[in-house]
Amino acid sequence: MEREGDFQSFLAPTSIIDSDHPDVAAFARMSVGHSVDPVERAVKLYLAVRDSIRYDPYTPFHLPEHYRASRVLKRGRGFCIPKASLLCACARSMGIPSRPFVELHLDGKWVKATPAFNRELCERHRVPPLEFDGHEDSVFQPYNLENQKYMEYEGFLGSYADVPVAEIVSAWESTYGKERVSGWIRQFSETDGRAGASFEKEEVLQT
């Protein structure tokens, strides 16, 4: 049983999960509206981040600032971890303990939520938008609308109070190779964070 003091690190702002940033706090307040129930607030925050911030895998990933919640909010796009950082920051600003990638403490337990894929993207790829009710884990969509295997959640990397950027970059290097990752980082550095491809213009793969 976790004591209330154990949650302090999951409520406090960090340099990356900057829940005390005025823009993040304003976005969170606007998203929850007049809701006072923590579960209802969490669901509204989830939907706001899921659909207001477009999923884009072609965004920088190698520096702490690339995951900073206020920056993700301003940019309006990001891949799964930056969007998770923003949801965590919004939750903390509303007094809901949170930790990436994303776990929210609601009704006495931790529940997982995945705000990565916005509704328009899901509809384009014929995958049902992932819902979250604040009571049960909501982790990716395993099947598309044709009941074909679409995604698989292979492992849980652990719980953190802040986004572990060094570990993320190391995982990219292990998966794709250091040379390829160095090339991506160099490209982002030379183009001021712009990728050479547009995710939204890519054709949808047919299976």
Residues of the range 24-36 being without any contact (Cβ under 8 Å) to a residue 12 or more places away in the chain and open to solvent by less than 40 Å² (accessible area, probe 1.4 Å), in sequence order, are S35
Given (1) open to solvent by less than 10 Å² (accessible area, probe 1.4 Å); (2) closer than 18 Å to R99 by Cβ; (3) not aliphatic (A, V, I, L, M), S15 misses just (1)
Among the residues that make up the range 37-51, is at least one of them out of contact with any Ser or Thr (no Cβ under 6 Å at 6 or more places or on another chain), surrounded by fewer than 21 Cβ atoms within 10 Å (Cβ to Cβ), in a loop (DSSP other than H, G, I, E, B) and at positive phi? no
Q) Quick check: is even one residue across the range 35-42 under 24 Å from Q187 (Cβ atoms) and either charged (D, E, K, R) or at pLDDT 95 or above (or both)? A) no
Residues of the range 61-73 being more than 18 Å from F188 (Cα to Cα) and either open to solvent by 30 Å² or more (accessible area, probe 1.4 Å) or modelled with pLDDT under 95 (or both), in sequence order, are L73
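Pick from E167, E173: which is at pLDDT 90 or above, surrounded by fewer than 17 Cβ atoms within 10 Å (Cβ to Cβ), more than 17 Å from L47 (Cβ to Cβ) and touching a helix residue (DSSP H, G or I) at 6+ places or on another chain (Cβ under 6 Å)? Lay out the reasoning, then the answer.
Values: E167 fails: touching a helix residue (DSSP H, G or I) at 6+ places or on another chain (Cβ under 6 Å).
Among E167, E173, only E173 is at pLDDT 90 or above, surrounded by fewer than 17 Cβ atoms within 10 Å (Cβ to Cβ), more than 17 Å from L47 (Cβ to Cβ) and touching a helix residue (DSSP H, G or I) at 6+ places or on another chain (Cβ under 6 Å).
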Looking only at the range 92-115, decide whether some residue is surrounded by 22 or more Cβ atoms within 10 Å (Cβ to Cβ), in contact with a helix residue (DSSP H, G or I) (Cβ under 8 Å, 6 or more places away or on another chain), β-branched (V, I, T) and not in a loop (DSSP other than H, G, I, E, B). no
When restricted to E103, E131, E146, the only residue on the phi < 0 side of the Ramachandran plot and at pLDDT below 85 is E146
For the range 25-36, the count of residues that are part of a helix (DSSP H, G or I) and in contact with a Lys or Arg (Cβ under 9 Å, 6 or more places away or on another chain) equals 3
Among (1) aromatic (F, W, Y); (2) open to solvent by less than 20 Å² (accessible area, probe 1.4 Å); (3) not in a helix (DSSP H, G or I), Y58 falls short only on (2)
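The values are calculated or read from the model by the stated rules, or taken from the named source; none is laboratory data. Please read these numbers as outputs of a predicted model, since none were measured by experiment. Cβ sites come from the backbone with ideal geometry, for glycine too, and all protein chains shown count toward neighbours. Note: accessible area is taken over every heavy atom of the protein model, side chains too, but ligands, DNA and RNA are not part of it. Shrake-Rupley method; radii C 1.70, N 1.55, O 1.52, S 1.80 Å.
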